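**Student:** The structure is given below, and queries will be raised subsequently.
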Amino acid sequence: MGKPVNSRSQKQTSAAAPVDATGGDSAPPAPGPVDKAMEVLTALAGAGAPHRLADLARSTGLAKPTVHRLLRALAASGYAEPGPGGSYRPGPRLLGLAAGALADDAALRRAGPVLDELRVRTGLFASYVVRDDRMVVHLDVRAPAQDFGLGLNPGFREPLTAGAAGLALLAALPDAESAPLSTAPDGAPVDEVTRAILTAAARDGYAFDGTDAWLDRRALASPVRDADGRAVGALVLSGLAFTLDEAAARLYGPMVRSAAAAVSAGLAAQPGVRLGLVPGPDRDTGPGAGTSGSGRTEESR
């Protein structure tokens, strides 16, 4: 096993503060009420619900009274729901919005049957991921009969450079877009192992990460493209080291690549569909940055 990729972490870390023209740090503006509400809503929708107030305050970095006030407002509008012992979970209105949005997504409709086939043929987790700025989000996860305790569920997030899912997307982006993103969450350059994975992914059409240092998870992924050939998502196989080793990757890699090509071909017949690519407006570092796969500008938090 080679040296682990230097960004193995499930936690997203903040980008370095921008530098102004005088050479000093230009601090980002203080978060407003909407930003704080979005932080609480994001934490509320994370795995492990119902969530205790203290846990939500810790994960958002907000004071407990602020989190409690926002939770009461969210509960009043149906986006949160009180649970046992003063805890909270996503409310029916939030669940309904999520279900409606996912049901309307063309990529997910086409990927679903393909994920089921990959799961059955390999006995591994099969998922569809999209990029959210410097993170990837698993939107649809099809688990095998034996889940190996990976805890891989819809909504699971990981840094873009943390594994095959994000690396497959990075390798498929134009250089001007991928270069600013090809760093570890702490801003450090990627190591030689990561660069080798990116090079192989660009050559082979799929990325295999055999050096994951947490949970002994391995992953293999191939990008899904829209009608313009832009990478907008990826099909991913995930499993433990003994189920997805180098030999298995050589067998499954072309299979996942072909499956991703089939989903891409279906999307190519539907130009203009809404697809998931959400770069932040303050990170407009290359051509096309700040726009979604359909060309619409979308703001992240």
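The values are calculated or read from the model by the stated rules, or taken from the named source; none is laboratory data. Predicted model only: the values in this text are computed from it and were never measured. For neighbour counting, all protein chains shown are included, and Cβ atoms are generated from backbone atoms with ideal geometry for every residue, glycine included. Areas reflect the complete protein model, heavy atoms only, side chains present, ligands, DNA and RNA absent. Shrake-Rupley method; radii C 1.70, N 1.55, O 1.52, S 1.80 Å.
**Student:** Applying the Karplus parametrisation 6.51 cos²θ - 1.76 cosθ + 1.60 with θ = phi - 60° to the phi angles of the range 243-248, what ³J(HN,Hα) value in whole Hz is obtained for each residue in order, glycine and proline being reported as x?
**Tutor:** 9, 9, 9, 4, 5, 5
**Student:** I need the phi-derived Karplus couplings for the range 35-40: 6.51 cos²θ - 1.76 cosθ + 1.60, θ = phi - 60°, integer Hz, Gly and Pro marked x.
**Tutor:** Going residue by residue, I get 4, 5, 5, 5, 4, 5 Hz, with x marking Gly and Pro.
**Student:** Does the range 158-267 classify as rounded, prolate or oblate by the C-alpha gyration tensor (a ≥ b ≥ c root eigenvalues; a/c under 1.5 gives rounded; else a/b over b/c gives prolate, otherwise oblate)? The partial results should precede the final answer.
**Tutor:** Numbers: a/c = 1.91, a/b = 1.05, b/c = 1.81.
In terms of gyration-tensor shape, oblate.
**Student:** Here's a follow-up. How large is the accessible surface of Ser59 in square angstrom, using a 1.4 angstrom probe and rounding to the nearest 10?
**Tutor:** Result for Ser59: roughly 80 Å² accessible.
**Student:** Right, here's the next one. For the range 94-157, what's the relative contact order in percent, using C-alpha pairs closer than 8 Å and at least 6 residues apart?
**Tutor:** Working: 71 pairs, mean separation 15.3, N = 64.
Result for the range 94-157 is 24 percent.
**Student:** With a ≥ b ≥ c the root eigenvalues of the C-alpha gyration tensor of the range 45-193, is it rounded (a/c under 1.5), prolate (a/b larger than b/c) or oblate?
**Tutor:** On the way: a/c = 1.99, a/b = 1.36, b/c = 1.46.
Because a/c hits 1.5 or more and a/b fails to exceed b/c, the range 45-193 counts as oblate.
**Student:** Continuing with this model, one more query. Percent relative contact order of the range 204-270, based on C-alpha pairs within less than 8 angstrom and at least six residues apart?
**Tutor:** On the way: 107 pairs, mean separation 23.8, N = 67.
Relative contact order here is 36 percent.
**Student:** Hey, another quick one. Would you rank Glu81, Glu246, Glu177, Glu192 by solvent-accessible area, highest first, keeping every protein chain in place and using a 1.4 Å probe?
**Tutor:** On the way: Glu81 70, Glu246 105, Glu177 20, Glu192 140 Å².
I get Glu192, Glu246, Glu81, Glu177, largest accessible area first.
**Student:** Quickly rank 231-241, 134-144 as a protection proxy: mean count of other C-beta atoms within 10 Å, highest first. Write out the running numbers ahead of the final one.
**Tutor:** On the way: 231-241: 26.3, 134-144: 20.5.
Packing order, densest peptide first, comes out as 231-241, 134-144.
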